[in-house]
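Step one of this worksheet: look at the structure below.
The numbers here are math on the coordinates, done by the rules we state, and not lab data. Keep in mind the model is a prediction, meaning the values are calculated, not measured.
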Amino acid sequence: MRRKGDLPSKACLACSLEFTWRKKWERDWDEVKYCSERCRRNRPSPIGGAVG
């Protein structure tokens with residue numbers, strides 16, 4: 001069993017909050033970019049991108 005301090009972590013692209021690995025993200029940890037559903041919905045829009 002791993003200790004909580006030994007789990008991998010990364011920064012959220014929307015809010016820059018550091019978040020740690022969760023069991024539900026086990027298969028796709030490399031694709032996880034946001035710490036929560038709220039941050040995913042409110043993600044920053046790309047610079048120079050089209051609105052809409």
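Miscellaneous remarks
- The length gained on full extension between SER36 and LYS10, counted as 0.36 nm times the residue separation minus their Cα-Cα distance, comes to 8.1 nm.
- The chain, relative contact order in percent, only Cα pairs under 8 angstrom and at least six apart counted: 31
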